[in-house]
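The values are calculated or read from the model by the stated rules, or taken from the named source; none is laboratory data. All of these numbers come straight from a predicted model, not from anything done at the bench. Please note: Cβ atoms are built from the backbone with ideal geometry, for glycine as well, and neighbour counts cover all protein chains shown. With ligands, DNA and RNA removed, areas are computed over all heavy atoms of the protein, side chains included. Shrake-Rupley method; radii C 1.70, N 1.55, O 1.52, S 1.80 Å.
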Amino acid sequence: MRDTEKTYRFEDQRDTIYKVDPEHPETATLPLQRTEELLLNMGPQHPSTHGVLKVILELEGERLVKSTPVMGYLHRGVEKLAEEGTYHQFIPHTDRLDYVCAMYNNFAYCRAVEKLMNITVPERAEYLRTIVAEVQRIIGHQFWLGTQALDIGAMTVFFYTFRDREILLDWFDELCGARLTTSWYRIGGVERDLTPSLIAKLRAFLDYFPPKIDEYQVFLEKNRIWLARTKGVAVISAEDALSFGLSGPTLRGSGVGYDLRKYEAYAAYPKCAFNVPVGKNGDTYDRYWIRVMELYESVKIIKQCLDQMQEGPIMASVPSVTLPPKDRVFTNLDSMIQQFKLFSQGFDAPPGEIYCGTEAHKGELGFYIVSTGGGKPYRMKIRSPSFIHMGAFDHMSRGYMIADAVTIFGTYDIVMGECDR
Amino acid sequence: MSVVALAKKVWEAALFAEIWSAMKVTFKHMLHKPITFQYPREQRVIPDAHRGALGLLRYDDGKERCVGCDLCEAACPSRCIKVISAEDKSLPLQRYASEFYIDITKCVFCGYCVEACPVNALAMTKMYEFSTHDKRTLLFDKKRLYQIGEQHLEDGKKYLYAHGQEKNDQMYHDYRYFFPQSVKQSTQPPPKHLT
Amino acid sequence: MGLKPATNPDVEAASIDLTIDGKTVTAKDGVSLYDVISSTGKIIPAMCYHYTFDPFGSCGMCLVMQEGKKAPVRSCTAKATAGMIIRTEGDDLFQARKKAVEKHLSVHPLDCPVCDADGHCELQDMAFQHQVTTLANAKQKLIPEDTRSLVLDFNMNRCIACGECINICKDVLMIDALQFMKKGGFTQVVAKGDAPLACEFCGDCLAVCPVGAITNKFSKYLYKPWQLKKTTTTCNYCGDGCQMHVETKDNEVVRVTSPLSWKNKWGDRSETAKGHGGLCVRGRFGFQFIDSKARLTQPLIRKDRKLTESPWIETVETVVGRLADIKARYGPNAIAGLITARCSNEELYLFQKLMRAAIGTNHLDSSARYGHLNFVHAAQHALGVGRMTNDSADITKAKSILVVGSNITETNPVFSLRVKEAIRVYKSQVIVVDSANTNLAKLASHPMLVKPGTEGLFVKGLVKSVIEQDLIDTDVTGRHAQAFAALKQAVAGLSLDAVASATGVSKVQINEAASVFAEAPRSVIICGEGIVRRPGGYQHVLALIDLLWVTGKLGRPGCGINTVTEEANEQGAVDMGTSPEFLPGQVPSDSDEARTKFSKAWSTPLPNKGVGAGLMDILKKCRNGEIKALYLVGENPLGTLPASAEVKPALEKLELLIVQDPFMTESAQLAHIVLPACTFAEKDGTMTSQDGKVQRIRQTMDPIGESLPDWQILAAIGSGLGCASMEYESSQDIQREIMKLLPGYYNLGQPKKVTVNADGYLSNGYQAEAAGRYCAEQKAADGGKRFSLTMGQLLYHSGKLSTQASGLLLIASSAGQLHMSLQDMERMGLKDGDRVRVWSAKGTAELSARADLSVLPGSCFYPEHFNSPPIKDFMTVEVDAVTGVPYFKQAAVSVEKA
């Protein structure tokens, strides 16, 4: 319900208010009413800015005139850290980018390095990667749904999504030893195979989960508060969305069916049948709808992967890049040397620059690596969707009520760890 | 929109039907057993693969596994490990870690040190309750690390098996790092891979 | 394969063309194919190759395909010939090389976790690079580790039999201490004769070992290469100015490595004429003094007759206050200062600025006074050049080298490698004149063993012989006929027979040496402590210059006169003007032009002309009360000069003795204020090597305790004394100031060639000088003492500094031993380690004796580094009339079994 520009013309009226006739200063009167924009700092210690985001809001009454995100409160110099260690050592650092969905960061980073090193990942590893990435997508969307509903005032959904998310986090714990900071992906494959117990647990979850998605929907789909707060809020047209570089559900909500899983067809995605839900209004509701639909699609993808997956190696065997099998390290000199070289100096990357984007649940997560040879990247740039999306915040929030500001951050699924890096 | 559909919509709006359907779900959950548990009275079951506190391991005969090769230090992405190696005074020409520190405040629990260790001297245990009022106690020294290793030896071994670092078979029970016999006449039979 | 580089000053090798990977390459004939390929920038793996010695061909990695041959050939041992068509890449070669690596790996132990070379290991690199993955279980050799040597451990399980250690020892260092031996079924590297390694311990074998087969005892197991911070700096021990890498771990020095390493094995054989990048035992293993426990960590002030710790600010205030007080009461000339030539150029400059500008005294001196100034004065006087005239390449390529009075393999081991290379590669004839049978004498073509203290006489004999044999260059002497006539007249009084009998070298040998020297197209002279630190040193250097002149070598390319210095920056100390007679830039301190320049630059008047005392005069003035305050920076006259110099009464008489030193020296124990200074490893700056290279020293670690770099202390005292222009932020600020005053001094290790000009010297007053120079020396009556005792340097030590390095003390302990000849010991019925009593009129001392093959019968040697027992006190001090250099290295003593 965005008002036309004519109704809300926010011109600076200060000049007219204070205008004094210089020849007759005695005629000057104080204006009865002075109007100017109110500057309001939101954050960085605000509970609903999803971290330490600060936004300077310019308010005209309750309407947002201009909003300036101030970033960097969570800046940890991750890109600089990458230049310090070997390629391998950076994987745990990627966990701390989007700390809600560490697996995706691992995945995107490993894919970028594999592209740089020109490594083909074995098939089983591709399936495993796809399964875990989609599990992570479910976790990400659940997290978004819960917090977005909470921001709008619907607390129940938060409890239910987090209950189900917990199952998957425990599954991660059993898979790799940590719930959030996973570091499970490796350059050339994955650290550990799925055990039968993990597969059984995952299958059980896949049967359990779709009805739960329906349940979440019951709370929101027809809820009139939800509808009022999401429909027609934070509208962005397809052209604007593209020119702001938005991606993921935020872009697809505006009707652009751009999904790297389809376009680049990496990992096991080309072998799975799935749909990419696309919205049409470009508002928060459409983005909500896409995310919920993607939950169903993820379940579909995981099921297909589990069915199609064959036995096989889970790590590529490129002796100069990938780690040797640990059992050989104890007894065989060649593997021991490989172990020592890779851990102490890293592998020798060819000079060059590569960019590799991966479709994370938030959008396109890309790693741009400049290598000048040697074991450490010369420069690494992380294209994080949260940061790119924050660029459109001013555009998307103009003219909305101040109470909507929080839901507009929310609609991007913003995580400051990734935004500030 | 047909008249029937419109009428239904108006009827539902008037009755706040969405609230009733949502309340139905909520009420259904009242009959569930709670899924939360009362920590610390109740404890989670921690999987074997869990990456908890690091501990140093010994061989079954009580010898320190660590030979002080510093590879964990090189592998650590947060630079929290410090190994000071030296010659073992009691066993001439053998290298060992005379001091071993892990700054657990810096540790990111990624498990790379364990993955790097060529003698499996390090393992992660299921221990996660080491919060303290004194930050200085979070610099784990060699003694503390061996203590953790001894207390949680089973967990540590399970971790290694779970992550495929070591396998639960005889060879891995036999395996140990052998200094060249030239250093000292070995008192134990040579390992299988040397015969 | 010949050892010689294909092209040398005498032979120009022919050019040949060959094809490498489709490209035509022009190379010199007679060069190894591997060298040709690596000169194009292609690196073929080779584990047994190093450019400093001949290809050995044992590793089997450097395989290339030559057209017309079925199997790959080893490029290192193949000579490049015209028209060869070579392929260096390809899968077949990769596989062949991989096979070669696998062969080495298959008998290599699983030692990476405990090996010091892990991470700096060529075998690892090769295995990784060639992606070896299918190796069977390792077979171990189980060879016991050889730990008998004092500094190196040999773990032959890890050896890949590349022979680099043996080759570098034999070819480059000409020591030949290692050999292959078949033992226990394996070919192993052992010390010659399978005895404990006893060599010069330069550690170059350690540097070139591509695996961890040779390890350093002092840092064994203490590190992995990735933990170390590597800083390139300049060695602080002698004047060679070797570059070295100090590797530290958390403010402690773990090891020192050299630019010579298996990691830089590619180079042109002819480049070694400038140096091979190695180090000597002192540089490589004598690093422990840097973080020694004995270091001073706190400023000390004497309170109630005891030195007590005191904070810096208070200490500097006290120093400034007391100096200002003495200056006010007695005038600036009551203050004097001495500085060691181990300080950087910036510090030496700052020291003399402090003395001259802030205090206003010209009583200052440096340890260059102990000998180097003799050479500088003589060269400055005769040739107008204040340092040695040749660079390393000149010496390597000389046809004849006269090494006189210098045991350079001991005092300046890395410099001596230039002479060794001249002998080996360029077949040069070397005349060694020394009173000991030095290592170099054993390699030399003309060893001349003279009686102790007669090196100078021998030089005079050479001049006489040249003139007698008519080996003079008449073109050159003709230009200064008067001077030549004077010289001829001067030497007329000298008889070669007398020289022969006094020196103990036959006349024939003297004549032969003279003709070898005179007839060679490129002749250089290297004179050392035997000349510059013995009575008459100044005149003897001038006699050497006469020798150069009459044989026509003066100013000819590739010829010249050189000296070696004991301390790292003696040349810099002279250049920076830390002596009463020179201002910075070696300008005389009474030159009006220079005085104006410096007083303008420092915006203060300089001390009066003609005032100024050197080392011995300062001590004299201290004794007679003219000097009230003495500032010693790293100097320790009490530990260096014999008792007869009466240093102790001099220091005790002072009102204020400030000692600034990293260690608690004998002099510091008498001090009123002791300031803890840093060693070279904790500060930035530059050093000038003996051949004029100005090289950086870099900070490798934080200062130990509260010690501070000398320049900071000097600057603090200077600005405290009210000298406005002595405030510096960093040593670079001082550098900038020196750059302004001495343009072109910072030559970044590439000194300009000096040009000598003796015309002024030969045409003005030469006659008078020459007349006195060649009179026969009065031999001091030895009073019935049968032994001539010489004090000198050991290979394993340098000055007193190295006695703080535990590693060097392990090799040569500070309990000094009297080195005696085997014959004397047998005659006296002594065995190694037996106690002997040494006595003369000056006293008696008891110490143990050891047999030393280089010592001649009738003489004995005591290392000057040690003062227990204080053998130095047997010496009398003689001061040079011209240069003020004290001579106190020789005495006549009696030795008997205790």
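The mean count of C-beta atoms from other chains within 10 Å of the C-beta of residues in A:181-187, rounded to a whole number, is 2. Oblate is the label for region C:391-558, because a/c, from the alpha-carbon gyration tensor with a ≥ b ≥ c as root eigenvalues, is 1.5 or above and a/b does not exceed b/c.
Pairs with C-alpha atoms separated by more than 20 Å, drawn from the list C:LYS303/C:LYS653; C:LYS274/C:LYS427; C:LYS170/C:LYS192; C:LYS628/C:LYS648; B:LYS143/B:LYS167; C:LYS420/C:LYS752, are B:LYS143/B:LYS167; C:LYS420/C:LYS752. Of A:MET401, B:MET30, the residue with the largest accessible area leads and the full order is B:MET30, A:MET401 (1.4 Å probe).
Full extension of the segment from B:ILE19 to B:PHE178, taken as 0.36 nm per residue of separation minus the current Cα-Cα distance, would add 50.1 nm.
For the pair region A:119-185 and region C:727-755, the centres of their Cα atoms are 64 angstrom apart.
Highest mean packing comes first when the peptides A:251-260, B:36-45 are listed by Cβ atoms within 10 Å, giving A:251-260, B:36-45. Note on chain A: with charges restricted to the Cβ of Lys and Arg (+1) and Asp and Glu (-1), its dipole about the Cα centre is near 860 debye. Nonpolar atom fraction for the protein assembly as shown, defined as the carbon and sulfur part of the 1.4 Å probe accessible area, stands at 54 percent.
Translational diffusion of region C:172-297 was estimated from the Stokes-Einstein equation, with Rh taken as the Kirkwood radius over Cα pairs; at 37 °C and 0.692 mPa s the coefficient is 203 µm²/s.
Against the main long axis of the alpha-carbon atoms of chain C, helix C:592-601 sits at an angle near 70°. Rounded to the nearest Å, what's the spacing between the alpha carbon centres of region C:88-147 and region C:406-449? Just the number, please. Between the Cα centre of region C:88-147 and that of region C:406-449, the gap is 40 Å. Among A:MET71, A:MET155, the sequence by solvent-accessible area, most first, with a 1.4 Å probe is A:MET155, A:MET71. If R0 is 45 Å, the Cβ-Cβ spacing of C:SER603 and C:ALA485 corresponds to a FRET efficiency of close to 0.30. With a 10 Å cut-off around each Cβ of B:115-121, the average count of Cβ atoms from other chains is 6.
Excluding ligands, DNA and RNA and using a 1.4 Å probe, chains C and A jointly bury around 1700 Å² of accessible surface, summed across both partners. Summary of packing: across the peptides C:699-709, A:174-184, C:324-334, the per-residue average of other C-beta atoms within 10 Å ranks them, highest first, as A:174-184, C:699-709, C:324-334.
Determine the distance separating the Cα centre of region C:361-378 from the Cα centre of region A:61-109; give it in Å without decimals. Between the Cα centres of region C:361-378 and region A:61-109 lies a distance of 64 Å.
With the charge dipole of the protein assembly as shown set up from +1 on Lys and Arg Cβ and -1 on Asp and Glu Cβ about the Cα centre, the Cα lying farthest toward the positive end among the listed residues A:ALA403, A:GLY417, B:SER78 is that of B:SER78. Annotation: per residue accessible area for chain B equals 55 Å², rounded to a whole number [probe 1.4 Å, protein chains only]. Chain C and chain B together bury an accessible surface of about 2000 square angstrom, both sides counted, with a 1.4 Å probe and no ligands or nucleic acids included.
By the helix-only formula, in which each DSSP H run with n ≥ 4 contributes -39500 (n - 2.57) and the sum is divided by residues, the protein assembly as shown has a 222 nm mean residue ellipticity of -10000 deg cm²/dmol. Counting only Cβ charges, +1 for Lys and Arg and -1 for Asp and Glu, the dipole size of the protein assembly as shown around its Cα centre is about 2080 debye. Inter-label distance, C:SER591 to A:ILE56: 6.5 nm, where each label sits 7 Å from its Cα along the C-beta direction.
For peptide B:66-76, the mean count of partner chain Cβ atoms within 10 Å of a residue's Cβ comes to 6. Under the convention that each Lys and Arg Cβ holds +1 and each Asp and Glu Cβ holds -1, the size of the dipole of chain C around its Cα centre is about 920 debye. Note on region C:281-339: dipole from Cβ charges, positive end direction compared against C:PHE289, C:PRO332, C:LEU307; the farthest Cα belongs to C:PHE289. Rounded to the nearest 100, the interface formed by chains B and A buries 3500 square angstrom of accessible surface, both chains summed, with a 1.4 Å probe. With the charge dipole of chain C set up from +1 on Lys and Arg Cβ and -1 on Asp and Glu Cβ about the Cα centre, the Cα lying farthest toward the positive end among the listed residues C:SER763, C:GLY119, C:THR396 is that of C:GLY119.
Let me make sure I get this right: for chain C, a, b and c are the square roots of the gyration tensor eigenvalues over alpha carbons, sorted descending. Under 1.5 in a/c it's rounded, otherwise prolate if a/b > b/c, else oblate. Which is it? Here chain C falls in the prolate category. On a 0 to 90° scale, report how tilted helix C:507-519 is relative to the longest principal axis of chain C, with both axes built from alpha carbons and the result rounded to the nearest 10. Its long axis makes an angle of about 70 degrees. Mind checking which lysines have their Cα closer than 29 Å to the Cα of A:LYS54? Skip sequence neighbours fewer than 8 apart in that chain. Cross-link targets: A:LYS66, A:LYS80, A:LYS231, A:LYS362, A:LYS381, B:LYS106. Between 0 and 90 degrees, the angle of helix C:710-720 with respect to the longest Cα principal axis of chain C falls at about 30 degrees. Across region C:439-451, coupling constants 3J(HN,Hα) worked out from phi with the 6.51/-1.76/1.60 Karplus curve, θ = phi - 60°, read 4, 5, 4, 5, 8, 6, 6, 10, x, 10, 8, 9, 6 Hz, and Gly and Pro carry x.
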